[in-house]
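Structure, as structure tokens:
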Amino acid sequence: MATGFLLLPAAAAVETSVVCPVDPIPVTSVQTDALFALAAGRLYAASDITGLQPSGAKFPFGATARQTKYLRSDAYGWTAGFYPAELWLMYERTADPAWLALARTWTKSLLPVSKWTGSHDLGFMIGLPAGLGMRLDPDPAQRITYRRAIINAAKSLSSRWNNKVKAIKSGEYDGKWGLIIDSAMNAPMLIEAADMVGGAEGAQLRSRGQKHLLTLAKYFVRPNGSTFHRLTFNPKTGALTGPVYGQGYNMATSTWSRGQAWAMYGFAKGYAVTGNPILLAAANRTNAFWNQQVGLGCVPAWDLAVGSAFAPRDSSAAAIAAAAMLLLADLDQGGGADNRQRALTTLGTLTSPEWTSVNTQNPGILIRQTWNVPILKYEGSYVWGDAYLLESALKVSGTTDQ
Ligand code: GLY
């Protein structure tokens, strides 16, 4: 187990602030057992919604370091799917029917959102929890419900397609038609839904999902493997009109840490569902940049260009990056063992008591995450980091000791 942490600049051209274990060690089964014990208590406590405010927002979102209760969102928040996903992961880990019942209840209350065309985030909101439900629910009738929701969500996302940009609109940024790197996580759902739909409509979903990822790979990945966060386009011509500010430090030159991790995971998943080598190359290049900037087992500041040792961390970026490395290791396209070892060592850090809520009153699991530093500079615990930490810990637990 790690015995302490040092603040270090990364050994690379860009000075990045990272927190590194004195002795980086791969995660052990003792650590994953402790993580799931902590998660069981935290996730069960969050399922009690008797004291909710009249707004009715019930889906856990996150809590800053000193908060003891979750801020919650309604079903239309981009983070609403992560808590149901965590419940499915607890069911997968334990096979306990109590977790199955909770996972079903929370997932079902999200499913009407699948027909909403107002968000590019339906992959997170519907694809993630309904996909887990399709894989894990023992009842075929329930699985059909989740499958329908994924098809509806894919069609809703597809309705945001622009044939000039060759992408699904993420949003209006500075009043312009925009794309965001996070959308790499949502597009694979269209490709997964394609086979469920079949025919010409399925072929169109597959084509749009793949083209969206290729557009991201073309415009968002810089020659050194770093990424932009938000770019805008002319929707009538498809021409790039430039970067705009999002959650990163500098819209043109810096790399928002979580965006880089979303890119790594989204391109790896995109390759897994398409076999397209351009997407594998994008996954490998973004992964290589991460590894160059963030040392073995280290956790970066919220933006990879931020050199201050006192800048807020984003441990969620490290959790997502570890999950991406495990996906790349599964794909085993060269570097598989190295990716797995890096992921295990990152998980060794993130499951140590310095990075979990075990010694705090925080309602989440993984601490020292950040949401959107330009708006809120405080570290906290957020459901997306928790979900990807649990996904990765579940994948490796029992396979190694480690
Ligand atoms: N909007 C996705 C994120 O904040 O990571």
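Of the peptides 180-190, 16-26, the order by per-residue mean of other Cβ atoms within 10 Å, starting with the highest, comes out as 180-190, 16-26. Distance from a point 7 Å along Cα→Cβ of Ile278 to each backbone N in the range 220-249: keep the residues under 20 Å and list them by number. Flagged as within label range: 220-242.
Which pairs break 32 Å Cα to Cα here: Lys69/Lys395; Lys58/Lys164; Lys58/Lys269; Lys166/Lys377; Lys69/Lys211; Lys69/Lys155?
Values: Lys69/Lys395 29 Å; Lys58/Lys164 39 Å; Lys58/Lys269 30 Å; Lys166/Lys377 35 Å; Lys69/Lys211 41 Å; Lys69/Lys155 36 Å.
Beyond 32 Å between Cα atoms: Lys58/Lys164; Lys166/Lys377; Lys69/Lys211; Lys69/Lys155.
In a Gaussian network model over the chain where Cα atoms closer than 10 Å are linked, find which of Gly275, Gly297, Gly171 has the largest mean-square fluctuation. Looking only at Gly275, Gly297, Gly171, the biggest GNM fluctuation is shown by Gly275.
Rounded to two decimals, the Cα-based Rg/Rh of the range 235-293, with Kirkwood Rh, is 1.04.
What does the charge dipole of the chain about its Cα centre add up to, to the nearest 20 debye, if the Cβ of each Lys and Arg holds +1 and the Cβ of each Asp and Glu holds -1?
Working: 35 positive and 27 negative charges, 279 e Å.
Here the size comes out at about 1340 debye.
May I ask you to derive the relative contact order of the range 160-263, considering only C-alpha pairs under 8 Å and at least 6 residues apart, and to give it as an integer percent? Intermediate values should be presented prior to the final figure.
On the way: 179 pairs, mean separation 30.4, N = 104.
Once normalised by length, the contact order is 29 percent.
Our helix-only sum for the chain, with -39,500 (n - 2.57) per DSSP H run of n ≥ 4 divided by its residues, gives a mean residue ellipticity at 222 nm of -15000 deg cm²/dmol.
By the beta-carbon count within 10 Å of each Cβ, the least crowded to most crowded order of Tyr70, Tyr388, fewest first, is Tyr70, Tyr388.
Please tell me the relative contact order of the chain in percent, rounded to the nearest whole number, where contacts are Cα pairs under 8 Å and at least six residues apart. Walk me through the numbers on the way to the answer.
On the way: 861 pairs, mean separation 86.6, N = 402.
Reported as a whole number, the value is 22 percent.
In this structure the amide hydrogen of Phe5, modeled in the peptide plane, comes within under 5 Å of the amide hydrogens of Val22, none closer than 5 places in sequence on its chain. Label 7 Å along Cα→Cβ of Asp48; the range 94-127 residues with amide nitrogen under 20 Å? Label zone hits: 98-103, 105-106.
The phi-based Karplus calculation (6.51 cos²θ - 1.76 cosθ + 1.60; θ = phi - 60°) puts the 3J(HN,Hα) values of the range 311-317 at 5, x, 7, 9, 5, 5, 4 Hz, whole numbers, x for Gly and Pro. Taking 7 Å steps out from each Cα toward its Cβ at Ser308 and Leu71 produces label points 2.0 nm apart.
Counting other beta carbons within 10 Å of each residue's own, what order do Arg147, Arg230, Arg160 fall into, fewest first? Can you show the working numbers first?
Numbers: Arg147 16, Arg230 25, Arg160 19.
Least to most surrounded, the residues fall as Arg147, Arg160, Arg230.
Close amide H contacts of Val294 (hydrogens built in the peptide plane, cut-off under 5 Å, sequence separation of 5 or more or a different chain): none are found.
Backbone geometry of the range 159-170 corresponds, through the Karplus equation with coefficients 6.51, -1.76 and 1.60 at θ = phi - 60°, to 3J(HN,Hα) couplings of 5, 9, 5, 10, 7, 7, 6, 6, 7, 8, 4, 7 Hz, x marking Gly and Pro.
The ranking of Thr117, Thr241 by Cβ neighbour count inside 10 Å, starting from the fewest, reads Thr117, Thr241.
Taking the chain as a Gaussian network of alpha-carbon nodes connected by springs under 10 Å, the highest mean-square fluctuation of the residues Ala141, Ala321, Ala34 belongs to Ala141. The string of couplings for the range 261-271 from the Karplus curve (6.51, -1.76, 1.60, θ = phi - 60°) is 5, 4, 4, 4, 5, x, 5, 5, 5, x, 5 Hz, one whole number per residue in order, with x for Gly and Pro.
So if each residue of separation counts as 0.36 nm, and I subtract the Cα-Cα distance between Ser55 and Val30, what length gain in nm does that give? Intermediate results must be reported in sequence, preceding the final value.
On the way: separation 25, 0.36 × 25 = 9.00 nm, distance 4.06 nm.
Once the chain is fully extended between Ser55 and Val30, it gains 4.9 nm.
No lab work stands behind these numbers, since they all come straight from the coordinates. Note that the coordinates shown come from a computational prediction; the quantities given were computed from them, not determined experimentally. A quick note on method: Cβ atoms are made from the backbone with ideal geometry, for glycine too, and the neighbour counts reach across all protein chains shown.
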